[in-house]
Amino acid sequence: MTELPSRVGRRLSAILAADVAGYSRLMGLDEVGTARTLREHRAVTDLIITAHGGRIVKTTGDGLLLEFPSVVDAVECAVDIQAVMAERNEGVPEERRMLLRIGINLGDILIEGDDILGDGVNIAARLEGIAEPGGICISSSTYDHVRGKVAVEFADLGEQSLKNIARPVRAYAFVRDGYRSNTPAGGMVPRSSAPRLSIVVLPFANIGGDPEQDYFVDGVTESLTTDLSRISGAFVIARNTAFTFKGKALDVKQVGKELNVCYVLEGSVQRGGNRLRVNVQLIDAETGSHIWAERFDKPVADLFDMQDEIVSRLANTLDAQLIAAEARRAERWPTPDSMDLFFQGRAWFNKGLTPEWMRQAQTFFQRALALDPGNIEAMLGLAMVDASVGAADMTDDRQERFATAESTLIKVLSLTPNNPLAHLFLGLVLMLTKRPARGIAECEQALVLDRNSASAHGFIGYAKYLLGRGGETEYHITEALRLSPRDTIAYVWMVWAGLAKAQLDAGTEAVAWIRRGLEANRNFSAAHFHLAAELALLGELDEARAAVRAGLALDPSFTIRRFKAGTATDDAIYLAGRERCYEGLRMAEAPEG
């Protein structure tokens with residue numbers, strides 16, 4: 001009998017091809033450093049690939065070929081990888097950033113051992129070639145399967161003639177932050193005519209239709225509209241206008257055009273038994289893409305108290321999300337104005353308390369003031385940087401920083417007396433310059449002006465520690481976290497709670513709180529040193545020394561001498577706790593200075 005030829009193995013798979021844009025140029029700049037950086041990035045991206053069920057088929061220098069059984073997993077993996085790479089490139093000079101290009105195709109492939117071949121693979125590789133650095137390009141076969149199933153948007157690039165591919169392939173580019181990845185010639189998207197930080201809170205939907213629930217749903221919408229209007233610089237559409245859209249099927253882009261706003265907030269409330277679920281989405285009105293989403297799922301208690309808590313959490317989180325969104329918009333303009341620079345400065349400030357992040361924030365605020373000396377927000381931003389650098393022991397000119405911050409804050413308050421953030425940071429400066437009682441009064445005024453000021457509660461808790469009343473601190477920190485559990489400076493409050501526990505000689509609890517703060521944001525150099533001191537006093541010397549090394553990686557100039565110069569009050573209990581901390585730092589081998 002004639003022997004039949006062996007059957008060629010085939011299967012339908014999602015293929016992802018990636019490489020580093022300009023890798024040869026990077027190697028030319030620093031061969032060893034580039035190779036090391038690529039290995040470090042790969043260690044992170046490999047974990048993401050595994051989490052999404054991908055298989056690494058092969059690596060070729062800077063290139064990567066992956067196979068996924070699910071096209072949705074492939075696209076979500078690509079989006080997560082690019083998000084992580086964007087974070088890892090923050091603070092890196094533009095000419096040294098390692099940017100990936102990713103192409104994805106769903107197609108039939110040939111199986112040859114562990115390798116995969118065929119047009120399905122080739123199309124993915126060619127799509128990667130036309131993707132922009134930091135971008136993702138997918139085929140129409142991929143797009144058809146993921147449309148409506150992934151929380152990202154793709155822009156139609158039309159038919160593309162790809163090298164060595166017989167027929168044109170329709171391609172789609174990942175839209176990042178509401179902008180097309182492959183922009184027109186010149187690379188610019190026209191600036192929207194809508195005012196910055198302009199938003200409408202659409203009436204929340206009452207899922208389930210219980211008419212008795214309507215008053216609660218409308219109350220959340222109304223209160224949130226009021227509280228968002230307190231965000232400095234925000235333009236919020238009035239409640240009466242927003243409620244004309246109640247119960248209507250809406251096109252978010254059309255709403256944005258009609259009201260001339262940048263952002264739309266929509267949500268729903270659903271009650272099931274004794275639980276209440278609230279879903280919210282922040283949407284870019286120009287593109288319709290989702291910027292942020294959140295869900296609250298809580299047991300039903302006092303509805304009025306629940307409404308206050310939900311609104312407070314939303315207002316605090318949206319403040320940070322809107323600033324981040326405006327900063328991303330601002331990065332796209334070749335000639336940023338003063339407010340563009342301010343938003344970028346605030347975004348850097350929100351990253352964490354390290355000397356580098358504070359320098360970046362300060363630079364943007366100074367540039368904003370150079371363009372507009374009357375920019376009150378930028379003035380306040382500079383004062384916040386000065387106060388924070390001094391508070392976190394990141395400088396030897398601590399008192400000069402506080403004096404500059406106080407002078408600037410008094411000027412801001414002379415121009416805008418009801419500025420809650422200015423009262424808040426003036427309170428912090430007063431606390432740290434041996435006037436904690438006056439500092440508490442300023443924070444209480446901030447709460448009068450903004451009931452959602454979670455930071456005011458946190459700062460008051462810190463003042464109690466400075467007054468030697470650490471037993472009262474945890475209550476205030478817990479209240480701050482209740483109002484804003486994901487606040488951009490929640491990690492600072494947690495560390496302050498740890499300091500208060502240390503003052504009470506509760507070392508184990510102190511370590512738990514400080515570690516909780518570092519888990520929320522590791523970019524707080526002072527926290528690593530406080531952790532080191534407490535671990536050393538508990539006898540955990542190896543961990544204590546590791547914490548010192550982590551702190552010095554963020555702030556190489558730290559010394560115990562500088563830390564000692566940061567004594568904030570003359571309270572005997574506070575001073576005794578400080579002496580204990582100095583001893584712990586020496587045991588952990590922190591530099592004496």
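The values are calculated or read from the model by the stated rules, or taken from the named source; none is laboratory data. All of these numbers come straight from a predicted model, not from anything done at the bench. Glycine also receives a Cβ, built like all others from the backbone with ideal geometry; neighbour counts cover every protein chain displayed.
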Only one of Ala497, Ala480, Ala520, Ala490 is at pLDDT 95 or above, surrounded by 15 or more Cβ atoms within 10 Å (Cβ to Cβ) and out of contact with any strand residue (DSSP E or B) (no Cβ under 8 Å at 6 or more places or on another chain); which? Ala497
If only one of Gly468, Gly461 is under 26 Å from Leu535 (Cα atoms), of a type in the set (Gly, Ala, Ser), surrounded by fewer than 24 Cβ atoms within 10 Å (Cβ to Cβ) and in the same structural domain as Leu518 (by TED's automatic domain parsing), which one is it? Gly468
Please indicate, with yes or no, whether at least one residue in the range 366-382 is modelled with pLDDT under 90, within 21 Å of the chain's Cα centre (by Cα) and crowded, with 18+ Cβ neighbours inside 10 Å. no
When you go through Arg515, Arg549, Arg486 one by one, which is the residue that is among the basic types (Lys, Arg), part of a helix (DSSP H, G or I), assigned by TED's automatic domain parsing to the domain that holds Arg580 and closer than 30 Å to Glu294 by Cα? Arg515
Against the definition (within 30 Å of Pro591 (Cα to Cα), part of a helix (DSSP H, G or I) and in contact (Cβ under 8 Å) with a residue 24 or more places away in the chain), how does Val389 come out, yes or no? yes
For the range 21-32, does any single residue satisfy the condition of being in contact with a strand residue (DSSP E or B) (Cβ under 8 Å, 6 or more places away or on another chain), modelled with pLDDT of 90 or more and either in a helix (DSSP H, G or I) or in the same structural domain as Ser139 (by TED's automatic domain parsing) (or both)? no
Determine, yes or no, whether Ile15 is touching an Asp or Glu at 6+ places or on another chain (Cβ under 7 Å) and either surrounded by 14 or more Cβ atoms within 10 Å (Cβ to Cβ) or modelled with pLDDT of 90 or more (or both). yes
State whether one or more residues within the range 397-404 are among the β-branched types (Val, Ile, Thr), without any contact (Cβ under 8 Å) to a residue 40 or more places away in the chain, under 20 Å from Trp496 (Cβ atoms) and assigned by TED's automatic domain parsing to the domain that holds His530. no
If you scan the range 53-79, which residues turn out to be surrounded by fewer than 16 Cβ atoms within 10 Å (Cβ to Cβ) and in a helix (DSSP H, G or I)? Val72
Does Ala510 count as over 24 Å from the mean Cα position of the chain (by Cα), surrounded by 21 or more Cβ atoms within 10 Å (Cβ to Cβ), at pLDDT 95 or above and small (Gly, Ala, Ser)? yes
If we keep only residues of the range 80-108 that are touching a residue at least 60 places away in the same chain (Cβ under 8 Å) and of a type in the set (A, V, I, L, M), then the residue surrounded by the most Cβ atoms within 10 Å (Cβ to Cβ) is Ile104
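Quick grid of which residues meet (1) out of contact with any His (no Cβ under 6 Å at 6 or more places or on another chain); (2) closer than 21 Å to Trp493 by Cβ; (3) assigned to a loop (DSSP other than H, G, I, E, B); (4) not hydrophobic (A, V, I, L, M, F, W, C):
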position	(1), (2), (3), (4)
Phe365	yes, no, no, no
Gly381	yes, yes, no, yes
Thr408	yes, no, no, yes
Leu421	yes, yes, no, no
Leu424	yes, yes, no, no
Leu428	yes, yes, no, no
Ile440	yes, yes, no, no
Glu444	yes, yes, no, yes
Ile460	no, yes, no, no
Among the residues in the range 113-123, are any out of contact with any strand residue (DSSP E or B) (no Cβ under 6 Å at 6 or more places or on another chain), at pLDDT 90 or above, in the same structural domain as Ala171 (by TED's automatic domain parsing) and assigned to a loop (DSSP other than H, G, I, E, B)? no
Out of the range 383-404, which residues are surrounded by fewer than 24 Cβ atoms within 10 Å (Cβ to Cβ) and among the charged types (D, E, K, R)? Asp393, Asp396, Asp397, Arg398, Glu400, Arg401
Can you tell me which of (1) acidic (Asp, Glu); (2) without any contact (Cβ under 8 Å) to a residue 12 or more places away in the chain; (3) within 24 Å of Thr433 (Cα to Cα) is the one Glu474 doesn't meet? (2)
Which fully enclosed strands (runs of 3 or more DSSP E) of the range 196-284 have 1 or more residues being modelled with pLDDT under 80 and surrounded by fewer than 19 Cβ atoms within 10 Å (Cβ to Cβ)? 263-272, 275-284
Can you find, within the range 80-100, the residue that is farthest from Asp115 (Cα to Cα) among those that are modelled with pLDDT of 85 or more and not in a helix (DSSP H, G or I)? Arg97
Please go through (1) touching a strand residue (DSSP E or B) at 6+ places or on another chain (Cβ under 6 Å); (2) without any contact (Cβ under 8 Å) to a residue 60 or more places away in the chain for His290 and return the number of the only condition it doesn't satisfy. (2)
Taking the residues in the range 285-301 that are acidic (Asp, Glu) and within 30 Å of Ala327 (Cα to Cα) as candidates, determine which candidate is surrounded by the most Cβ atoms within 10 Å (Cβ to Cβ). Glu286
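Condition (residue is at pLDDT below 75 and not aliphatic (A, V, I, L, M)) applied to the range 152-170: is it met by at least one residue?
For the range 152-170, residues at pLDDT below 75 and not aliphatic (A, V, I, L, M): absent.
Residue check: is Phe342 at pLDDT below 80 and crowded, with 16+ Cβ neighbours inside 10 Å?
Taking the combined requirement at face value, the residue does not satisfy it.
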For the range 352-399, name all the residues that are among the charged types (D, E, K, R) and over 27 Å from Ala553 (Cβ atoms). Arg367, Asp372, Glu377
